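Only one structure is covered here, and it is reproduced in the block below.
The values are calculated or read from the model by the stated rules, or taken from the named source; none is laboratory data. These figures come from a predicted structure and were not determined experimentally. Because the Cβ atoms are built from the backbone with ideal geometry, glycine has one as well, and the counts that use them run over all protein chains shown.
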Amino acid sequence: MSRLPQLSAADISGVVAYMPTTTRTDVEIDRNTKNAVDLEEAARAADVLIRDGATAIVLNGTFGELSSLTLDEITDFTRAVVESAAGRVPVFAGATTLNTRDTIARARIFRDLGAQGLNLGRPMLSAMDDVAIVKWYQDIVEELPDMAVFLYDDAQAFKRPINTSVYRELAKLPQIVACKYRTQLMISNMIPSNTYNADLDAVGKNIKLLTQETDWPLVNKAFGVDSCWSSYINCAPGYVMALRDAILGGDEAKTMSLLAENAWPGDEFSPAGGSENWHMNKITALKTRIHYAGYIKAGPPLPPYHIAPQERVETAKRLAAKDREIQKKYPHKTAGESAVVSPEAVPA
């Protein structure tokens with residue numbers, strides 16, 4: 001077996017799609033539901049994302065419902081996406097669990113299914129210190145040296161961010177090729193560590209630190225970063241690709257014009273109370289918005305994250321209507337083939 005992954009940081013470019021888990025809409029989803037994933041829609045969603053320009057697909061983060069799927073469901077879902085992708089783009093399977101042994105066991109299943117890499121956060125019952133974080137990733141890549149790793153740096157989910165000194169150590173592991181960088185971007189030449197530019201210096205060319213598409217123009221202009229991660233691609237792929245073309249084409253005027261139109265996530269999407277309130281019920285809000293945007297039939301959220309104030313659900317639906325308007329303005333390649341979801345199709 002090779003001691004190196006098939007992918008490197010240089011293979012990550014363009015728009016990396018974070019895909020939702022597609023939940024069935026033909027059954028009532030509750031605590032007794034079996035086989036809750038719509039595998040046919042999973043395969044279709046992966047296919048249209050790729051044909052509409054995604055350069056990689058990452059599975060089972062937040063609205064990918066890593067926290068809510070059974071092992072059988074996440075295995076079947078990953079298989080459906082990998083088979084649909086058919087090697088056209090790399091698939092990073094969601095392998096994070098609460099412990100090292102289960103994560104390695106799950107990662108081996110995904111490797112056998114044909115996934116090229118892992119979407120890998122870290123245990124989240126309590127925060128891990130720097131040494132423990134480094135050891136966590138070392139243990140997993142030593143067991144699976146031929147799989148690439150996409151770091152998942154969500155400061156809320158994992159109770160702290162990855163700091164600069166940890167990034168420096170992780171950059172020594174050739175399996176770690178990219179990172180979904182935290183959404184609160186800070187750039188400063190006055191602060192020596194734990195800023196985006198300090199982290200970028202720490203990883204060099206070994207790990208690509210990807211921001212979301214709305215921060216991409218800044219990091220592309222300042223640091224030449226040629227890729228981003230995107231959740232909004234699941235709502236308005238044509239818009240995201242138009243933004244990509246403007247950024248990579250160096251058209252600053254077009255880029256600024258597109259950013260002025262951006263509806264993601266939108267001030268309305270975040271409830272009053274700041275970051276803490278945003279994270280509460282966010283899985284329901286995100287899946288509802290993606291579903292009603294009509295490009296991917298995300299379906300309802302799974303328990304226990306299926307409860308949310310009705311106001312938040314209605315806000316997600318209202319913003320999804322704006323997303324549908326943006327889709328009309330920036331149509332995607334597979335528009336004629338995509339199964340558009342009507343606002344009344346499925347109860348949230």
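Hey, among the residues in the stretch 44-72 that are in a helix (DSSP H, G or I) and not aliphatic (A, V, I, L, M), which one's surrounded by the fewest Cβ atoms within 10 Å (Cβ to Cβ)?
Quick first cut of the stretch 44-72, residues in a helix (DSSP H, G or I) only: 44-51, 71-72.
Adding the requirement that they be not aliphatic (A, V, I, L, M) leaves 44, 47, 51, 72.
On the way: R44: 20, D47: 17, R51: 15, D72: 11.
Looking at residues that are in a helix (DSSP H, G or I) and not aliphatic (A, V, I, L, M), I get D72.
Remark: pairs (first residue in the stretch 257-268, closer than 13 Å to E213 by Cα; second residue of a type in the set (G, A, S) and buried (at least 19 other Cβ atoms within 10 Å of the Cβ); Cβ separation under 7 Å; 6+ apart in sequence or on different chains) = L258/A242; L258/A246.
The single condition among (1) aliphatic (A, V, I, L, M); (2) in contact with a Ser or Thr (Cβ under 6 Å, 6 or more places away or on another chain); (3) free of Cβ contacts under 8 Å to residues at least 12 places away in the same chain that I191 does not satisfy is (2). Sort out which residues of the stretch 167-209 are assigned to a helix (DSSP H, G or I) and aliphatic (A, V, I, L, M), and write them in order of number. Within the stretch 167-209, L170, A198, L200, A202, V203 meet the criteria. Among residues of the stretch 203-231 that are touching a residue at least 24 places away in the same chain (Cβ under 8 Å), those with a beta-carbon under 6 Å from a residue that is surrounded by fewer than 18 Cβ atoms within 10 Å (Cβ to Cβ) and not in a loop (DSSP other than H, G, I, E, B) at least six positions away or on a different chain give the pairs S227/G14.
Across the stretch 246-256, which residue is farthest from the chain's Cα centre (by Cα) among those that are exposed (fewer than 14 other Cβ atoms within 10 Å of the Cβ) and part of a helix (DSSP H, G or I)?
Within the stretch 246-256, the subset exposed (fewer than 14 other Cβ atoms within 10 Å of the Cβ) is 249-253, 256.
Next, from what is left, pick out any that are part of a helix (DSSP H, G or I): 252-253, 256.
Working: E252: 26, A253: 28, M256: 24 Å.
The selected residue is A253.
Mind checking which residues of the stretch 121-163 are farther than 23 Å from D201 by Cα, touching a residue at least 60 places away in the same chain (Cβ under 8 Å) and either assigned to a strand (DSSP E or B) or of a type in the set (D, E, K, R) (or both)? The answer is D146, and nothing else. In the set (1) surrounded by 22 or more Cβ atoms within 10 Å (Cβ to Cβ); (2) within 16 Å of F150 (Cβ to Cβ); (3) of a type outside the set (K, R), the condition left unmet by P20 is number (2). Which one of the conditions (1) of a type in the set (V, I, T); (2) over 17 Å from the mean Cα position of the chain (by Cα); (3) surrounded by 15 or more Cβ atoms within 10 Å (Cβ to Cβ) does I191 fail to meet, given that it meets all the rest? Among (1) of a type in the set (V, I, T); (2) over 17 Å from the mean Cα position of the chain (by Cα); (3) surrounded by 15 or more Cβ atoms within 10 Å (Cβ to Cβ), the lone unmet condition for I191 is (3).
Which ones in the stretch 147-163 are modelled with pLDDT of 95 or more and either within 21 Å of S126 (Cα to Cα) or of a type in the set (D, E, K, R) (or both)?
Residues of the stretch 147-163 modelled with pLDDT of 95 or more: 147-151.
Correct list: L151 only.
Tell me whether the stretch 63-83 contains one or more residues that are closer than 22 Å to A171 by Cα and among the small types (G, A, S). Within the stretch 63-83, not a single residue is closer than 22 Å to A171 by Cα and among the small types (G, A, S). For the stretch 209-228, filtered to residues that are in contact with an Asp or Glu (Cβ under 8 Å, 6 or more places away or on another chain) and buried (at least 21 other Cβ atoms within 10 Å of the Cβ), the residue that is farthest from G294 (Cα to Cα) is L209. Within the stretch 133-169, the set of residues being of a type in the set (A, V, I, L, M), over 16 Å from the mean Cα position of the chain (by Cα) and under 19 Å from S193 (Cβ atoms) comprises I133, V134, I162, V166. Of the residues making up the stretch 282-298, just one is among the hydroxyl-bearing types (S, T, Y) and without any contact (Cβ under 8 Å) to a residue 60 or more places away in the chain, namely Y292. Filtered by the rule that a residue be part of a loop (DSSP other than H, G, I, E, B) and crowded, with 18+ Cβ neighbours inside 10 Å, the stretch 26-41 gives A36, D38.
Within the stretch 73-85, identify whether any single residue is modelled with pLDDT of 95 or more, crowded, with 24+ Cβ neighbours inside 10 Å and assigned to a loop (DSSP other than H, G, I, E, B), and answer yes or no. Looking for residues that are modelled with pLDDT of 95 or more, crowded, with 24+ Cβ neighbours inside 10 Å and assigned to a loop (DSSP other than H, G, I, E, B), one finds none in the stretch 73-85, hence no.
So, of the residues in the stretch 257-315 that are in a loop (DSSP other than H, G, I, E, B), of a type in the set (F, W, Y) and modelled with pLDDT under 90, which turns out to be farthest from the chain's Cα centre (by Cα)? The selected residue is Y305. Total residues in the stretch 103-120 satisfying the condition of being under 18 Å from P174 (Cα atoms), free of Cβ contacts under 8 Å to residues at least 60 places away in the same chain and either surrounded by 22 or more Cβ atoms within 10 Å (Cβ to Cβ) or touching a strand residue (DSSP E or B) at 6+ places or on another chain (Cβ under 7 Å) (or both): the figure is 4.
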